[in-house]
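Read through the structure below, which is laid out as structure tokens, and then see the notes.
Readers should treat all values here as calculations from the given coordinates under stated rules, not as data from a laboratory. Keep in mind it's a predicted model, so treat the numbers as computed, not measured. Cβ: placed from backbone, ideal geometry, glycine included. Neighbour counts: every protein chain shown.
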Amino acid sequence: MTSRIFHPDSQLTTLTTICLVAFLATIPLPRVDNMLIGSDGTGYYMYVRSLVIDHDLSFANEYVRLGWPLTTPTATGLQPNQFAVGSGILWLPFFLAAHGLALLLNGLGVATPTDGYSYLYQTAIGVGSIVYGAAAMWLVYRTSVRYFPRTALAATLLAWFGTNIIYYMVIEPSMSHMCSLFAVALFVFLWVKWRGTMTRGRWFVLGLSGGLIAIVRQPDGVLVILPVLDLLLSGKMRRQSLVRAPDLLIYGAGFLVIFSVQMTTWWVLYGSPFYSGYFYGGQQQFFWTAPQIGNVLFSLHHGLFLWHPVYLLGILGLLALVQRDRALALCLLAGFALQVYIIGAWWAWHQGDSFGGRMFISIIPLITLGLVGLLERLFAPRRYALLAFLGMFLVCWNMLFLLQYRLGYITMSGPISWAEFSIGKWWMLTDLWARAVSVIQARL
């Protein structure tokens, strides 16, 4: 009985349940806009709501109801939506379940809105994101345990609660980040599992998985080149180029089967299957010759390594993985570098309102393999207490940062000061304590 309780799957399930309960517990809290969804999440939500309730991609009514100002119609006469369609598709089972429940309640005489906007529907997609995020972390664990079984669970938990995953899983699940994390985790899991035993059927399935990545977040689509790079680094491409060509064509075909969903969406919205929503309205500003790489990684304006040093530990840990699997480690580093370059080249490299570098959440399945390798290298019985302390410190630091960000002690959109970054967490705790004492005294 005890062994089942402490089994990794049981622990991951327990933590998922805690995240679900935490999300559900926050629903009654007052909100300025009376919405559970918000920010970019509104754009993703429009897809699932419009497809299920209106059976179209005409977003004019969603714009009005969700508080977006109507803009110049596209070439097809529709309102634009720059966001990818993938999250909406992944949320479909949860949204449909909510819609079915709403219809059932009405049939039983309980008046319940069935227009797709109520908290019932918004809660459903939030639960969906939590489920996908948790499934992603299970896949991350299953991938990591293939290489370093002893430290795989610790690395997975550190990545989960020591980075911005926990914020976008529980606090803002309407964003696309849990869906993108799941898509990449599934892709990496299949790729690592099938390395060296690829059949054409597996190449096709891996291509389908890569297509899912690209319809959830297009910038993450560059990760589909990693298995090809793996072949080059291992020498298999050079030795068997003629044999590999059909495999790669099948891989590309699988990718296109899924990505055609996004291309069809662009065609309906903009009149061309090659016209991304980010090309509409000047969002396409990329400065490819001057990427803000230093700022993306180390700036107080949501710098990835500064806000969440677990990412840095993961990258450093890939050096440990080089000794175990050189080709894989170099592929993972290449995937990270591509993401840094793309995000750094974008005009909004700071990622707007963002708890740290939120656009890097999708590469957690890559860096966790490095993190688990680092923990394995450092692990020794005499260091266990020290490593546990450092892990807890990073998790607590992240949680305090989360409170600073969410409770308004630091700005969500701009750079913070060094004082806010460091001693600001203590200031927040003392202020919260003073407020709590004041409330208690007022009620006595």
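A few notes on this one:
- Footprinting exposure proxy for L407, L190 (fewest neighbouring C-beta atoms within 10 Å first): L407, L190
- Estimated translational diffusion coefficient (Stokes-Einstein, Kirkwood radius over Cα pairs, 20 °C, 1.002 mPa s) of the stretch 399-444: 187 µm² per second.
- Sorted fewest first by neighbouring Cβ atoms within 10 angstrom, L374, L103, L78 come out as L103, L78, L374.
- Ratio of the Cα radius of gyration of the chain to 2.2 N^0.38 Å, where N counts its residues: 1.01
- Within the shell defined by Cβ-Cβ distances under 10 Å, the residues around H302 carry a net charge of 0, with Lys and Arg each +1 and Asp and Glu each -1.
- Total charge dipole magnitude, the chain, about the Cα centre, Cβ charges on Lys, Arg, Asp, Glu only, Debye to nearest 20: 1560
- Restricting the calculation to alpha carbons of the stretch 165-247 gives Rg and Dmax of 14.9, 50 angstrom.
- In the stretch 338-382, the ratio of gyration radius to Kirkwood radius, Rg to Rh, stands at 1.18 when only Cα atoms are counted.
- Expressed as a fraction of 2.2 N^0.38 Å, the C-alpha radius of gyration for the stretch 52-135 is 1.24.
- Radius 12 Å from Cβ of I364, net charge of other residues (Lys, Arg +1; Asp, Glu -1): 0
- MRE, 222 nm, helices only [DSSP H, n ≥ 4, -39500 (n - 2.57), over the chain, to nearest 500]: -20500 deg cm²/dmol
- Listed by Cβ neighbour count within 10 Å, with the fewest neighbours leading, D325, D220, D9, D230 appear as D9, D325, D230, D220.
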